[in-house]
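What follows is a single structure, written as structure tokens, with notes after it.
The values are calculated or read from the model by the stated rules, or taken from the named source; none is laboratory data. Just so it is clear, the model here is predicted, and its values are computed rather than measured. Here Cβ is always computed from backbone atoms with ideal geometry, including for glycine, and neighbour counts include all displayed protein chains.
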Amino acid sequence: MIPIVSLAVFLPLIGAVILLFLPGTSKAVSHGIGIGFSALTFVLTLVMWSRGVVPGGFSQVEEVSWIEAIGAAYRVGVDGLSLPLVLLTSLLFLLSFVYQAKSSDRARSFVILMLMLETASIGTFVALDALLFYVFFEVSLVSMYFMIAGWGEKDRQRAALMFFLYTLLGSLPLLLAILGMFLASDPYTFDMRIWIETQPLTGIGGMLALIAMLFTFAVKIPAFPVHTWLPAAHVQAPTVGSVILAGVMLKFGTYGLVRFSLQMLPDAFASAGMVVLVFGVISAIYGAFVALAQSDLKRLIAYTSVNHMGYVVIGVAVAAMAVDPAMRAVALDGATLQMVSHGLVTGALFFLVGMLKDRAHTREMSHFGGLLKITPVLGWSFIFFAFASLGLPGLAHFPAEFQIFLATLNISPWAVVSILAIVVTAGLYLRAIGLVFLGEPGKEWLKMPDLDGREVLVLIPLVALTIAVGIVPGIVLDTIHTTTTSLGF
């Protein structure tokens, strides 16, 4: 049987190695290799999607002995929580390669880094061995660091270092928690499936491991108050760096929150659920209000990520505290769907801000005005995704946030105060639309070109999926629900 999962993980890395041994490669060839290998990877993830998942466990599992002495092995597979994120990852990387195709700034090196990052990202979501998960988790950090430091804006070195230190130091507690789970397992193993089934750490040991995991994943999400690296990283990163950071890498934190903290330490998480819920509520409200105060359009969207990831944290915390399995499934369905919808919508918004910056060389909203008359395709695209981001019914965020709030109202009614953030989000996007796209255009913008065919091609799949998930959420929820209804705790 063809190892589809492993091929999807390592095909981008193969492309990176090929490009590495082709010195002097032209811009066109470098981008062609990037697009080609990323497109093949996307096709493989579509095959994985067509194979589906089974209730109560992992599907499409591939396993090879690695370090037998300590019970570590190469183990990969998917379930209803990881498969949608794998497909989202491969799509956003493919669109990022298409978007980047016109860039000539050290194209070969940039494509190599992107392909390495794609392997690390998909590997993080499909790893079923905790040691393997940690390796992919850390490799993604290195790739993004060099992307920000090498291709970012004028303050990129500081932003890259801040990103690296926060996420590297933040991941060390996870390593300690993994070692604790390993030492508590009998026999010793890093097999995440066994840890989920047997839950080897309980009592004080389980609570300490949970605290370590929560810290690591809070930094990666990022949740208040360990979010301060995110705006700087986004503002200084190149456009596709922001797309991947928001659309894919922030999900490492929320995915880890479910896969490790919730599934492996459910009792400890249930005890700490209210504390996690409080931080989720604060993140959601804080992110919205701080975004409202921004003048830089990219920084505004970066803070809305803190807001939207706060909703995911709320959903996971509610699931941890839920006694009724049906309500737990509703909360996790909403949280996982929010991860997917955030990747689609916020990824598109970062693409659009990058397209605007390419033309105007500024992102300060006060410098614009009336662009809807000059660049209607760009303007209406931004308005569409802004409305999707604020949770308009019929678009992708609405079914996700509705389920999160429904479960929250049932389990912890006070926490629905976070719905205030939706009102603030609506206000901040209406303000941004008014400043940038409405009114009369300034003379300096009269010759600004609208989106070209390549840029429209990047946006079309995101528009289509944002509508499809909003109107027929079952196309994703059915897969997610297969796993959330069969969690054994």
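Considering region 262-315, the residues that are hydroxyl-bearing (Ser, Thr, Tyr) and within 17 Å of Gln338 (Cβ to Cβ) include one that is nearest to the chain's Cα centre (by Cα), namely Ser305. Taken together, Thr482, Thr425 contain a single residue that is at pLDDT 85 or above and within 20 Å of the chain's Cα centre (by Cα), which is Thr425. For region 65-78, the candidate set comprises residues that are among the small types (Gly, Ala, Ser) and free of Cβ contacts under 8 Å to residues at least 40 places away in the same chain; within that set, the residue that is surrounded by the fewest Cβ atoms within 10 Å (Cβ to Cβ) is Ala69.
Close contacts from region 1-20, counting a first residue that is in contact (Cβ under 8 Å) with a residue 12 or more places away in the chain and under 12 Å from Thr119 (Cα atoms) and a second that is of a type in the set (Phe, Trp, Tyr) and crowded, with 21+ Cβ neighbours inside 10 Å, with Cβ to Cβ under 6 Å and a gap of 6+ residues or different chains, come to Leu11/Phe37; Pro12/Phe37; Gly15/Phe37. Kindly check whether there is at least one residue in region 92-112 that is within 21 Å of Gly52 (Cβ to Cβ) and of a type in the set (A, V, I, L, M, F, W, C). No, every residue in region 92-112 fails to be within 21 Å of Gly52 (Cβ to Cβ) and of a type in the set (A, V, I, L, M, F, W, C). Of everything in region 356-370 that is assigned to a helix (DSSP H, G or I) and out of contact with any Pro (no Cβ under 9 Å at 6 or more places or on another chain), the residue that is surrounded by the most Cβ atoms within 10 Å (Cβ to Cβ) is Leu356. Among the helices (runs of 4 or more DSSP H) confined to region 376-489, the ones with at least 2 residues that are among the charged types (D, E, K, R) are located at 453-471.
The residue of region 137-192 that is nearest to the chain's Cα centre (by Cα), among those that are among the acidic types (Asp, Glu) and over 25 Å from Leu257 (Cβ atoms), is Glu153.
Highlighted here are the helices (runs of 4 or more DSSP H) found entirely within region 84-188 that include at least 2 residues which are more than 25 Å from Ile33 (Cβ to Cβ): 130-151, 156-184.
Do the conditions hold for Val353, that is, is it within 30 Å of Ile211 (Cα to Cα) and either surrounded by fewer than 21 Cβ atoms within 10 Å (Cβ to Cβ) or among the hydrophobic types (A, V, I, L, M, F, W, C) (or both)? It is false that Val353 is within 30 Å of Ile211 (Cα to Cα) and either surrounded by fewer than 21 Cβ atoms within 10 Å (Cβ to Cβ) or among the hydrophobic types (A, V, I, L, M, F, W, C) (or both).
Of the residues making up region 282-296, those that are among the hydrophobic types (A, V, I, L, M, F, W, C) and crowded, with 24+ Cβ neighbours inside 10 Å number 3. In this structure, Asp191 qualifies as acidic (Asp, Glu) and in contact with a Lys or Arg (Cβ under 9 Å, 6 or more places away or on another chain).
Just so you know, in region 225-248 the residues that are small (Gly, Ala, Ser) and at pLDDT below 90 include one that is farthest from the chain's Cα centre (by Cα), and it is Ala232. Every condition in (1) of a type outside the set (D, E, K, R); (2) buried (at least 21 other Cβ atoms within 10 Å of the Cβ); (3) not in a loop (DSSP other than H, G, I, E, B) is met by Leu81 except one, and the failing one is (3).
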